[in-house]
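One structure is given here, and the rest of the page talks about it.
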Amino acid sequence: MLKTFSEASIVDLLYKKLTSVGLAVCKNCKVLGYEIDVLVFENDGSRPIIHVFEVKTRVKPRLIRQLYRRIPFSDYIYVVVPYNLLTSIYRKIDRMFGIVVYYNDDFYVVKPSEFLNNGRNVYELMMKTSELSFCNMMQANCADSINSLYSHYRTISH
């Protein structure tokens with residue numbers, strides 16, 4: 001019998017997994033008006049690299065539109081699905097998007113995302129606003145890792 005998962009439970013597990021390895025992560029946040037399931041800021045020298053993860057438990061036609069709408073503010077975009085959806089997702093999404101499979105309480109990148117180089121748009125927004133405004137604008141609780149990353153880039157940009 002197949003075990004079913006809710007999107008919310010997979011988002012929570014992905015958030016915990018990514019924060020446990022020291023990444024700066026927001027979940028269920030908004031960027032430029034779009035809700036993002038999981039947003040990761042990877043510290044990479046001159047600016048953070050932005051990873052967007054959209055979690056799906058069913059393949060819906062709107063998924064493709066959702067992924068394309070995230071391009072203007074993402075460096076990497078992944079769709080995260082339970083293992084039983086891998087085949088149908090693989091056929092539907094463009095090669096620029098990555099695929100992460102959730103299986104046996106862990107996550108596996110089965111197809112890497114292409115580098116889109118659009119995370120600089122979030123970085124520029126970050127640099128134009130205060131830390132509190134940035135977190136409020138994203139409508140997310142910024143974890144300590146986000147706050148320290150924000151402080152780090154504000155310091156090196158001045």
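The set of residues in the range 18-71 being acidic (Asp, Glu), at pLDDT 85 or above and more than 18 Å from Ala8 (Cα to Cα) consists of Glu42 alone.
If you go through the range 54-102 and keep only what is surrounded by fewer than 20 Cβ atoms within 10 Å (Cβ to Cβ), among the hydroxyl-bearing types (Ser, Thr, Tyr) and under 22 Å from Lys16 (Cα atoms), you end up with Thr57, Tyr83. Within the range 110-122, restricting attention to residues that are at pLDDT 95 or above and under 27 Å from Gly33 (Cα atoms), the residue that is surrounded by the most Cβ atoms within 10 Å (Cβ to Cβ) is Ser113.
Filter the range 35-48 down to the residues that are farther than 17 Å from Glu7 by Cα and touching a residue at least 12 places away in the same chain (Cβ under 8 Å), then identify the one that is nearest to the chain's Cα centre (by Cα). If we take residues in the range 35-48 being farther than 17 Å from Glu7 by Cα and touching a residue at least 12 places away in the same chain (Cβ under 8 Å), then Val40 is nearest to the chain's Cα centre (by Cα).
The values are calculated or read from the model by the stated rules, or taken from the named source; none is laboratory data. Predicted model, so just to flag it, every value in this text is computed and none were measured. Using ideal geometry, Cβ is built from the backbone for each residue, glycine included, and neighbour counts are taken over all protein chains shown.
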